[in-house]
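**Student:** Next up is a structure, given as structure tokens.
The values are calculated or read from the model by the stated rules, or taken from the named source; none is laboratory data. Everything quoted here is computed from the prediction, not taken from an experiment. Cβ: placed from backbone, ideal geometry, glycine included. Neighbour counts: every protein chain shown. The accessibility values were calculated without ligands, DNA or RNA, using every heavy atom of the protein model including side chains. Shrake-Rupley method; radii C 1.70, N 1.55, O 1.52, S 1.80 Å.
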Amino acid sequence: MISSIQLREDVKIQLAQYKEGANESFEEIIVKLMKQVEMQRRQRKEILIEGYKEIGEESRLTYRYIDLR
């Protein structure tokens, strides 16, 4: 089902700046931007997970060092 949305002129102008070709529709631009946001969320989540793993490993090593003293 196709529906229309209303955009302020300034938003339309900003979206038009993302066009990679003259025939690219606003729908294609919006979908592309949504995919980029999702990819950034996944990358951020992966970075956080890796950081927490490193912190956990550092904590484990610290407690092990303290136990050896």
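**Student:** Ignoring ligands, DNA and RNA, what percent of the accessible area of the chain is carbon or sulfur (1.4 Å)?
**Tutor:** The value for the chain is 54 percent carbon and sulfur by accessible area.
**Student:** With each pseudo-label sitting 7 Å past Cα toward Cβ, what's the GLN17-THR62 distance in nm, one decimal?
**Tutor:** 4.4
**Student:** On average, how much accessible surface per residue is there in the chain, in Å², for a 1.4 Å probe, leaving out ligands, DNA and RNA?
**Tutor:** I get 100 Å² per residue for this part.
**Student:** Using a 7 Å offset from the Cα along the Cα-to-Cβ direction at both SER3 and GLN36, what is the distance between the two label points in nm, to one decimal?
**Tutor:** For the pair SER3/GLN36, the computed spacing is 2.5 nm.
**Student:** Tell me the accessible surface of SER59 in square angstrom (1.4 angstrom probe, heavy atoms of protein chains only), to the nearest ten.
**Tutor:** Estimated to the nearest 10 Å², SER59 gives 50 Å².
**Student:** Quick check for the chain: number of Lys pairs with alpha-carbon distance under 22 Å, counting only pairs 8 or more apart or on different chains?
**Tutor:** 7
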